[in-house]
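Visitor: One structure coming up, written as structure tokens, with questions to follow.
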Amino acid sequence: MPELPEVENTVRDLKPLLVGRRVLDVRILWPRLVHGKSPEAFAVELTGRQIVNTDRRGKYLLFPLDNGCTWVVHLRMTGQLHVVPAQAEVERYVHAVLDLDNGQQLRYRDARKFGRFYLVDEPESVIGKLGPEPLSESFTPLELFNRLQGRRTAIKTLLLDQRVVAGLGNIYADEALFRAGIDPRRPAGTLTQADCNRLHTAIRQTLATAIREGGSSLGGSALTNYRRPTGVQGSFQRRHQVYHLAGHPCPVCGAPIERIKLGQRSTHFCPRCQLYEPLGAESS
Ligand SMILES: [Zn+2]
């Protein structure tokens, strides 16, 4: 699933291709893509508008328009946005086509069809409940610590909760916890400030490196979860240390990486480097 680094790369790639462009026509080929209004109303309201910026919040893409409204996109599992010449052959799984005023088309492709479009007056109506941006200055180790206080939920599960911190998904939660040496099953409220300092650093470093590497692309060609608008794939998957590497030796200690289910999500970790032994006081 595209997470913060993949969405960030998509936003950056789309900026020079979309900012200043006017939308001449909109065709929604999968009606359930549009949320909050009918696909017909969505198409009518977006037609004729100029895209004034491309932005991101958590895993959401934001396209502010010249009339003050915002087109919001969530790629979910396999959504991709590509800009191609209008005459280019239409690929499988294209569910929305926007004609732009320069002979190009913005096409939305989504093999699994879980993606979502919104067209709203106020983006807060969609993204208002999101937690802090993990790469922003307002996200501090103390902020992370405070958000975990009193929580018995496994730390991995809480990291996936977009209200705690925005933008992490299964890949980067597993990778960050490995880099911080924290057991994904550990009750979040048992993390000390020192643990949170390490986790905060690990989250930031993992995300920043993944952004630089163009994100992670996983899966076969047609069903690749993520491909940049320029058509190229990310390369951070080559730097994964635990994600989808069950049975492989841990890059630090050599123990086999384990895969378990946690909150119904597959979770990958090193049982030795991420060992958690509760203190006597906590287990009594
Ligand atoms: Zn290890």
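The values are calculated or read from the model by the stated rules, or taken from the named source; none is laboratory data. No experiment lies behind these values; they were computed from the predicted model shown. Virtual Cβ from ideal backbone geometry, glycine too; neighbours counted across all protein chains shown.
Visitor: Report, ordered by the first and then the second residue, all pairs with beta carbons closer than 7 Å, sequence separation of six or more or different chains, a first member in the range 225-237 that is farther than 16 Å from PRO16 by Cα and not assigned by TED's automatic domain parsing to the domain that holds ARG76, and a second member that is among the acidic types (Asp, Glu) and surrounded by 14 or more Cβ atoms within 10 Å (Cβ to Cβ).
Guide: Close Cβ pairs satisfying both conditions: TYR226/GLU6; GLY234/GLU6; GLY234/GLU213; SER235/GLU213; PHE236/GLU213.
Visitor: From the set of residues in the range 61-70 that are in a strand (DSSP E or B) and of a type outside the set (S, T, N, Q), which is farthest from VAL126 (Cα to Cα)?
Guide: Keep residues of the range 61-70 that are in a strand (DSSP E or B), which gives 61-65, 70.
So of that shortlist, the ones also of a type outside the set (S, T, N, Q) come out as 61-65.
Details: LEU61: 11, LEU62: 10, PHE63: 13, PRO64: 14, LEU65: 16 Å.
Top of the filtered list is LEU65.
Visitor: Among the candidates ALA202, ALA246, ALA210, single out the residue that is part of a helix (DSSP H, G or I), within 16 Å of the ligand (Cβ to nearest atom) and at pLDDT 90 or above. Spell out the reasoning first.
Guide: Numbers: ALA246 fails: part of a helix (DSSP H, G or I); ALA210 fails: within 16 Å of the ligand (Cβ to nearest atom).
The unique qualifying residue is ALA202.
Visitor: Among VAL73, VAL83, which is the only one that is farther than 17 Å from ARG21 by Cα and part of a strand (DSSP E or B)?
Guide: So the residue among VAL73, VAL83 that is farther than 17 Å from ARG21 by Cα and part of a strand (DSSP E or B) is VAL73.
Visitor: Now for a different question. Output the residue which, of all residues in the range 66-93 that are of a type in the set (A, V, I, L, M, F, W, C) and surrounded by fewer than 19 Cβ atoms within 10 Å (Cβ to Cβ), is modelled with the lowest pLDDT. Walk me through how you get there before you give the answer.
Guide: So in the range 66-93, the residues of a type in the set (A, V, I, L, M, F, W, C) come out as 69, 71-73, 75, 77, 81, 83-84, 86, 88, 90.
With surrounded by fewer than 19 Cβ atoms within 10 Å (Cβ to Cβ) added as a condition, the list becomes 69, 77, 84, 86, 88, 90.
Working: CYS69: 98, MET77: 89, VAL84: 95, ALA86: 96, ALA88: 95, VAL90: 92.
Applying the filter and picking the extreme gives MET77.
Visitor: Kindly indicate whether any position in the range 119-132 is outside the structural domain of THR192 (by TED's automatic domain parsing), closer than 19 Å to PRO229 by Cα and not in a loop (DSSP other than H, G, I, E, B).
Guide: no
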